[in-house]
Each structure stands twice: as structure tokens, then as C-alpha cells.
Amino acid sequence: MIGKKKTIIVPKKKMICQVCGEREATFHFQEMTNGQVKELHLCEICAEKKGLGQTFFMPGFSLSNLMAGLTELEVPLSQGTSVSCPHCGLSYGDIKRKGKIGCGLCYQELEQYLTPLLERIQGKVRHSGKVPKKGKVEDQRERRIYELRKELEILVRKEEYERAAKLRDEIRRLEREK
Amino acid sequence: MILQEMANSASQWSRADGPEAEIVFSCRVRLARNLEGFTFPPWAHDSVLKDVSDKVLNAVKRSHYLKNSRLIKMSELSSTERRFLLERHLISPEFSSGGPHRFLVTEKREMISLMVNEEDHLRLQSILSGLQLMDAWRLTDKIDDELEQNLDYAFLPQWGYLTSCPTNTGTGMRASCMLHLPALAVTHKIDELMKNISKLGLVARGLYGEGTKSQGDFFQISNQVTLGSREEEVVDHVESVTRQVVGQEKKARDILLRRDGIQLRDQMGRAYGTLVSAYLLRSEEAISLLSKLRLGVSLNLFPQLNVQVLNELFFMITPAQLQVKEGKEMAALDRDELRAKIIRGRLSKLGQKK
């Protein structure tokens, strides 16, 4: 992780702002800079001056940020730095460092490294959701299945079971062709 | 200019006209998409970001849903203006740091918006009032189809939509509901509830992230996993869990009213009293008082007020909203004064009507 890393902490007792020394501190952070931990206790006004203040409605730490941290910890791969993606030029080592994948082709070219990572986060599963309309031949079949499923749901809701059954058989047939 | 125009009205989704809107403030679906053959934004050179934004904005022009939208270039905004958009839930914290070739497209009612070159090339979202997550998904799905007509998305059958962060791979979808749970908070049931929700494969958190105390008793529930389940299944799951939480909040409100009726009335009356008579209000204090009053309004203890007014106030009083509306940077004390003035004005005006 490049630069500083901030974690919100919850203090045990009331604290006074470290900057102004007057108001009660309401923002409590632990800041990591190059391995050194520093605690920060700021009041709303001083926190805002420093660009740290969080006001109502501001979404906090996103899940992906948390996960990026997680992948750093959990994938102890020293190999994977020699192979790189022919499109974006990134190695798995690069991706690991930032927690962000380089491009669509990485998913194929660095598959052996990305698969364990994806399985750890998402489970050992295959995509079964939406499929783009435009795509290769096999994608088109998946798109068809996706659309039929949507129709099926509507029919079931309307209680048109006879037509729904036909549709279900069609979906099964398409799925067998995969 | 565009932002000042926006600051004069609240987003459509704060109108509290959706189902269960007294408890479910809003619901949101967002999709992450990337263009095939282009490096993802965190790694891309400026020239790539430019090509991507050209392509995406061209597709936006042809979109029926987005063609009359506002187009905002992030690099032209001040930090207060970017924060303004963040507080209105139109951009992410990441996007609010600015950067070249980043655009926000937002339809006038702010129900649909699109970030171009955030962590993914496209981040499309719909926000609706109350609990209508399935409708939010259907709307987002349609716009996504429409944009795709002029764009080639990065997709693999095994992994679904390919995204910058592996936590979004698959559907690229995050479905979430924002809830106001003052009764569950006051009866200390929140922690247990959050734990149970995480057992159901969902994420529950205060608005400021995990482990932090939620200001104003607002909480968010969303799906964690994006691979392996269909979008409708996920939306259904988030919606049904939210519905259960709504049921529990209602029960807690009933119990509170019956058991501590007079204390509750007293607290809310005091909150109202402070809000209509204070001349200086800090943001944190205002939010906490408005949260109490919002509960009172939901319980029909203030027949002259409605939830919508409260929702709008939550919106209008944050530091960046105040400053953009006034068109200038303001010191904290000046903001506190303006905040108190706005609240006094809104609440007493409505109070006198009846």
C-alpha cells in the first residue's frame, strides 16, 4: 500500500482535540505511515480543515477498500511477478500491491493467480447473472437463458403455469447444450 | 452554476413517497462495467481514460434515459463542490478526489447517475425512495442494456462482468437499502441485528463504515458477494432481509411508545424545541436532533410535520450543501448560524400552517 493508511478507532474515554486543544474530539483515527502508527484525535472543525471530517450522508470505507486490504494479507505469492498480461503489462505482483486488476485480459492471462483470489472472495462459483446482448456465440446462448429466466419469473407471478413449464424446459435444454 | 441549481432542491429520492419510506430512507442499485480492450482506470494512462470517456459519453448521448442529463467534469470542481456531490450520494469517496477525464452524468431528478472512469469505466446507479429495490434494479438493468448498444463490455461466461476489484466481479452489482432505525438503536438491539445480518451473507454498517457509530441512527444493508447468484435473487434477498428489519423497527417503536411513552414524547418535544429556537447548530447536533424528531413524526406525534420535510433538512444542512447553496466558502460558525436559520425557518413555517 502506497502512502498513508487510516483506520477509524473507537477511544475508551473522552478526548480533547489535538489540534485546537479546546473542543471535544469526535474523529479518531489510527494512521499508518511507513509502518509507524500514530493516533489522531480531532474535533469536527479541525478534522474538516484537514479534509478528514465526515459529515452526514458520506459513505464510509467501501467494501472494496476493505477487500483490497484483505487480498494484500491473504495472498502470499512471491511468484507470479514474472508473468505479465500482454495487454496492460501488469504482473500479478502489481495487481496484488494495489488490490486492483489491470484489464479484462488479465482475467484470462493471469487466470492461475486470479482464480484462487476470486474464489476466496466470492466462493467457488460461476457467474449466473446478466449477460451482455452483444457477444460471442456462447455468450449469446447465456443471454437467451437470462432473458428466458426473466420471462419465466413474470409468468410465474401471473400464475400462468402451463406456459411457465414450457419455458422452464426450454431453459433446461439450453443449459444442457453448454 | 449547475451545482447551485441542484442545491436549491433535494434529490427526488428523498421525497419519502416510496413504500415503507418512514423507515427505509432510500434504496440503491449500482452496476460496475468496463469496456473491452481498455485498461481499467486505476492503471490506465490519461490517453486511455480520455478514449474511454469519449466512448461512454457518446453512448450516453444516445441513451433515452440519460440524454437530458447534467454532465459534470470532475476536474473543474472545487473540493467543496466535489464533497457536495458526495453528500448527495451521486459520487463515491474515491471519485471525490477528482482526477482527469472523470465525469458525472446525472439525470435531473438525481434518481439515475453514472460515474465515468471511477474505479471501473462505468458505475451506473439508480436510487429510489423507500423499499423498492426490485424496481431500482429493473431501471438500472434497462439503462445498462441501452448503454450496451453502443459499448462493448468486458465479459467472460465464467466470471461475468469483469471489474477492477475482485469484490465486484460477476454481476458487478451492489444492492443496498438505507434505513432509519432510531427505536432499535435506543433499545440497543442494533449490534445483535448487524451480527445476524452478516450471517445471512449481507453487510450491515453505519453510514461511516464498519465499527463506527452511526450518526443519526442511519444504517445500510447491502449484498456482499457478486458472483454465483442472479441479480434478481440478490435483490430479493436484500429486500426480504430489509423487510424483516423494518418489521423489527416497527415492533420496537410500538414497545417504546407503550412502555416509555411520556419519556419518548419529552425527548422529541425537546428536540423540536431546540431545533425551532436555536441560533447556532453544529452539524452533529442537528443530525442527532433531526433523527429524534423524524421518529416523532413517523409516530404521528407532530401532525403538522411530515417525513419529507425532515428528509430534506438532513440533506440541506451538511457543510458542503450550505456552502454550494450560498456560493461561497464559509467558516464553521457561519455555517452553524445558517444551518440553525434554515431549520428554524422550515420547521416554524410548517408549524404555523395548521
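The values are calculated or read from the model by the stated rules, or taken from the named source; none is laboratory data. What you see is a predicted model; the values in this text were computed from it and never measured. Heads up, the Cβs are rebuilt from the backbone with ideal geometry, glycines too, and the neighbour counts pull from every protein chain shown.
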Checking B:V56 against (1) in a helix (DSSP H, G or I); (2) touching a strand residue (DSSP E or B) at 6+ places or on another chain (Cβ under 6 Å); (3) within 13 Å of chain A (Cβ to nearest Cβ), the condition it does not meet: (3)
Count of the range B:304-333 residues which are surrounded by fewer than 20 Cβ atoms within 10 Å (Cβ to Cβ), at pLDDT 90 or above and facing another protein chain (nearest Cβ under 10 Å): 3
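Name the one entry in A:E142, A:E138, A:E162 that is loosely packed, with under 14 Cβ neighbours inside 10 Å, at negative phi and modelled with pLDDT under 85. Full working, then the answer.
Numbers: A:E142 fails: loosely packed, with under 14 Cβ neighbours inside 10 Å; A:E162 fails: modelled with pLDDT under 85.
After applying the criteria, what remains is A:E138.
Where residues in the range A:76-88 are more than 9 Å from chain B (Cβ to nearest Cβ) and within 30 Å of B:S47 (Cβ to Cβ), which of them is modelled with the lowest pLDDT? First the steps, then the outcome.
Residues of the range A:76-88 that are more than 9 Å from chain B (Cβ to nearest Cβ), as a first pass: A:76-86.
Next, from what is left, pick out any that are within 30 Å of B:S47 (Cβ to Cβ): A:80-86.
Working: A:G80: 52, A:T81: 61, A:S82: 73, A:V83: 85, A:S84: 90, A:C85: 93, A:P86: 92.
Step by step, filter the range A:76-88, then rank; the result is A:G80.
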Matching residues, the range B:89-105, being farther than 22 Å from B:F38 by Cα and either of a type in the set (D, E) or modelled with pLDDT of 95 or more (or both): none
Residue satisfying condition, being within 24 Å of B:V309 (Cβ to Cβ), modelled with pLDDT of 95 or more and outside any strand (DSSP E or B), within set B:V246, B:V238: B:V246
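In the range A:67-75, is there at least one residue being under 30 Å from B:N311 (Cβ atoms), surrounded by fewer than 19 Cβ atoms within 10 Å (Cβ to Cβ) and modelled with pLDDT under 90? Steps first, please.
Going through the range A:67-75, the residues under 30 Å from B:N311 (Cβ atoms) turn out to be none.
No: the range A:67-75 contains no residue that is under 30 Å from B:N311 (Cβ atoms), surrounded by fewer than 19 Cβ atoms within 10 Å (Cβ to Cβ) and modelled with pLDDT under 90.
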Filtered residue count, the range B:231-259, keeping only those that are surrounded by 15 or more Cβ atoms within 10 Å (Cβ to Cβ) and free of Cβ contacts under 8 Å to residues at least 40 places away in the same chain: 1
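Of all residues in the range B:117-146, count the ones that are part of a loop (DSSP other than H, G, I, E, B) and hydrophobic (A, V, I, L, M, F, W, C).
Qualifying residue count, the range B:117-146: 1.
Could you please find all residues in the range A:89-103 being outside any helix (DSSP H, G or I) and either touching a Cys at 6+ places or on another chain (Cβ under 8 Å) or surrounded by 14 or more Cβ atoms within 10 Å (Cβ to Cβ) (or both)? Steps first, answer last, please.
Step one: list which residues in the range A:89-103 are outside any helix (DSSP H, G or I), which gives A:89-91, A:99-103.
Within the range A:89-103, A:L90, A:S91, A:G99, A:K100, A:I101, A:G102, A:C103 qualify.
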Near pairs, Cβ below 9 angstrom, 6+ apart or cross-chain, from the range B:131-154 (within 8 Å of chain A (Cβ to nearest Cβ)) to any residue that is assigned to a loop (DSSP other than H, G, I, E, B) and β-branched (V, I, T): B:A154/B:T163
Single unsatisfied condition, B:N300 versus (1) part of a loop (DSSP other than H, G, I, E, B); (2) closer than 20 Å to B:L181 by Cβ; (3) touching a Ser or Thr at 6+ places or on another chain (Cβ under 9 Å): (3)
Neighbours by Cβ (under 6 Å, 6+ apart or cross-chain): first from the range B:1-19, on the phi > 0 side of the Ramachandran plot; second in a helix (DSSP H, G or I) and surrounded by 13 or more Cβ atoms within 10 Å (Cβ to Cβ): B:A16/B:V307; B:A16/B:Q308; B:A16/B:N311
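Looking at the structure I just gave you, is B:G130 of a type in the set (G, A, S), on the phi > 0 side of the Ramachandran plot and under 14 Å from the mean Cα position of the chain (by Cα)?
Values: of a type in the set (G, A, S): yes; on the phi > 0 side of the Ramachandran plot: yes; under 14 Å from the mean Cα position of the chain (by Cα): yes.
Here the answer is yes, as B:G130 does meet what is asked.
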Test set (1) under 21 Å from the mean Cα position of the chain (by Cα); (2) in a loop (DSSP other than H, G, I, E, B) - B:I72 fails condition number: (2)
Yes/no for B:S298 being crowded, with 19+ Cβ neighbours inside 10 Å and not aliphatic (A, V, I, L, M): yes
Selection within the range B:187-208 - surrounded by 14 or more Cβ atoms within 10 Å (Cβ to Cβ), not small (G, A, S) and not in a helix (DSSP H, G or I): B:T187, B:K189, B:L200, B:L202, B:V203, B:R205, B:L207, B:Y208
Filter result for B:I262 (over 21 Å from the mean Cα position of the chain (by Cα), surrounded by fewer than 16 Cβ atoms within 10 Å (Cβ to Cβ) and assigned to a helix (DSSP H, G or I)): yes
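The rows are residues; the columns are (1) of a type in the set (A, V, I, L, M, F, W, C); (2) away from chain A (no Cβ under 11 Å); (3) in contact with a strand residue (DSSP E or B) (Cβ under 8 Å, 6 or more places away or on another chain); (4) without any contact (Cβ under 8 Å) to a residue 60 or more places away in the chain.
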| position | (1), (2), (3), (4) |
| --- | --- |
| B:H64 | no, yes, no, no |
| B:I72 | yes, yes, yes, no |
| B:S78 | no, yes, no, yes |
| B:L86 | yes, no, no, no |
| B:R102 | no, yes, yes, yes |
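Restricting attention to helices (runs of 4 or more DSSP H) lying wholly within the range A:104-174, give those where 3 or more residues are hydrophobic (A, V, I, L, M, F, W, C), within 12 Å of chain B (Cβ to nearest Cβ) and out of contact with any Asp or Glu (no Cβ under 6 Å at 6 or more places or on another chain). Quick ask: steps written out before the conclusion?
Working: elements: A:106-109, A:111-122, A:137-157.
In the range A:104-174, A:111-122, A:137-157 are the helices (runs of 4 or more DSSP H) which contain 3 or more residues that are hydrophobic (A, V, I, L, M, F, W, C), within 12 Å of chain B (Cβ to nearest Cβ) and out of contact with any Asp or Glu (no Cβ under 6 Å at 6 or more places or on another chain).
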